[in-house]
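Scroll down for the structure; my scribbles are underneath it.
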Amino acid sequence: MSAPQSDAAAAEHRRGLLAGWGAYGIWGLFPLYFTALEPSGAWEILAHRIVWTLVLCAAILLLRRELLGLLSLLRSRPRLALGVAIAAYVIAINWGFYVYAVSTGRTHEAALGYFLNPIVTVGMGVLILRERLRPLQWAAVAIGAAAFGYLAVSSGQIPWLSIILAFSFATYGLTKKRLGASLPALQSLSAETIALIPLATGILLWLTANGEGTFTAGAPWHPMLLVLSGVATAVPLLLFAAAARRIPLVTIGLIQFITPVAQLLVGVFLLHEVVPSTRWVGFAIVWVALVVLSADSLAAARRSRRSRRAPQPSA
């Protein structure tokens, strides 16, 4: 590789890292944003996220003259449209329970769910995709299962909120992989919010009919914050897409832990949530599993680079 090419590749890598840090950093600070949306409840916030994200994405696609093309593509490819719809409703479950966790003072449980997510994803790869795991991956899954068992026994109940968040996000990724819902980030988010508009409309109509909507409360700041939920949803996703194009998957896998770390810090130090000592032990066990999983990913990446650099035998 020539010097200019090397410099260009290094610059692309730096841009990818900055985009990745930006995406995961924004997601990690979401608890502060959702707390600022009080008195809106989880359902109302979910509905507004869907509506204003679609408004923003549709406006961008109209400016780029891509909206009609996206709608035509979804009509002509039913399997793609089905994958988008399923993925959309799975991620809506994740969004809804995440906002619920923050609004009920359980941000630390949400953080635990996102710490568990990589382990759940690996487990799904074995059970559903029939993938073969390396020894360290098996060890990480076993340690993660031990953490789940410890949390259930020590607290006297299953940590259902963390489990729902971990499984819904892992299922979201699996759905997009299995059903071929592979679109560029902006088009994918647009298509998913289109699929969710009936849900969002129904929620807002129900809230309005029961006098429980808060859109006009605390004007002008509260309505403005709800409208900005579209920007808050779209921007980190687009940053993530930019990062994924520029940096290796193993790097993405490592920096993704910025989000639950930030969530945990925000929950404990800024929102003043009390985390029981048994929950801290559970976190520690999960972190051991993540260290093992990360070590395996780094080792696999090094082996892959060595195999690509090794001279190929001549014919």
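Observations on the structure shown:
- Selection count where residues are assigned to a helix (DSSP H, G or I) and acidic (Asp, Glu), scope the range 27-45: 1
- Among the residues here, LEU68 does not qualify as touching a residue at least 12 places away in the same chain (Cβ under 8 Å) and assigned to a helix (DSSP H, G or I).
- Against the test of being under 16 Å from the mean Cα position of the chain (by Cα) and small (Gly, Ala, Ser), the options GLY22, GLY41 yield a single qualifying residue, GLY22.
- Hits in the range 147-169 (condition: closer than 20 Å to TYR100 by Cβ, assigned to a helix (DSSP H, G or I) and not aromatic (Phe, Trp, Tyr)): LEU151, SER155, LEU161, SER162, ILE163, ILE164, LEU165, ALA166, SER168
- Residue match in the range 76-87 (condition: within 17 Å of the chain's Cα centre (by Cα), of a type in the set (Val, Ile, Thr), part of a helix (DSSP H, G or I) and modelled with pLDDT of 95 or more): no
- Subset of the range 217-251 [outside any loop (DSSP other than H, G, I, E, B), out of contact with any helix residue (DSSP H, G or I) (no Cβ under 8 Å at 6 or more places or on another chain) and under 18 Å from ILE45 (Cβ atoms)]: TRP221, HIS222, PRO223, MET224
- Answer residue from the range 147-187, given it is over 30 Å from SER277 (Cα atoms), crowded, with 18+ Cβ neighbours inside 10 Å and over 14 Å from the mean Cα position of the chain (by Cα) and is modelled with the lowest pLDDT among those: ALA181
- Selection from the range 195-221 of residues that are surrounded by 12 or more Cβ atoms within 10 Å (Cβ to Cβ), over 30 Å from ARG79 (Cβ atoms) and either touching a Pro at 6+ places or on another chain (Cβ under 8 Å) or aliphatic (A, V, I, L, M) (or both): LEU204, LEU205, LEU207, THR214, PHE215, ALA217
- Qualifying positions in the range 269-279 - at pLDDT 95 or above and either under 20 Å from VAL141 (Cα atoms) or in contact with a His (Cβ under 8 Å, 6 or more places away or on another chain) (or both): GLU273
- Here is the figure for the range 240-262: residues that are at pLDDT 90 or above and farther than 15 Å from TRP21 by Cβ total 0.
- Number of the condition not met by PHE283 [criteria: (1) exposed (fewer than 14 other Cβ atoms within 10 Å of the Cβ); (2) under 30 Å from GLU38 (Cα atoms); (3) over 19 Å from the mean Cα position of the chain (by Cα)]: (1)
- Test result for LEU207, in a helix (DSSP H, G or I), in contact with a Gly (Cβ under 7 Å, 6 or more places away or on another chain) and either among the aromatic types (Phe, Trp, Tyr) or touching a residue at least 60 places away in the same chain (Cβ under 8 Å) (or both): yes
- In a residue-by-residue description of the range 117-128, the property of being within 30 Å of ILE197 (Cβ to Cβ) and outside any helix (DSSP H, G or I) applies to at least one position.
The values are calculated or read from the model by the stated rules, or taken from the named source; none is laboratory data. These figures come from a predicted structure and were not determined experimentally. All Cβ positions, even for glycine, are placed from backbone atoms using ideal geometry, and neighbour counts span all protein chains on display.
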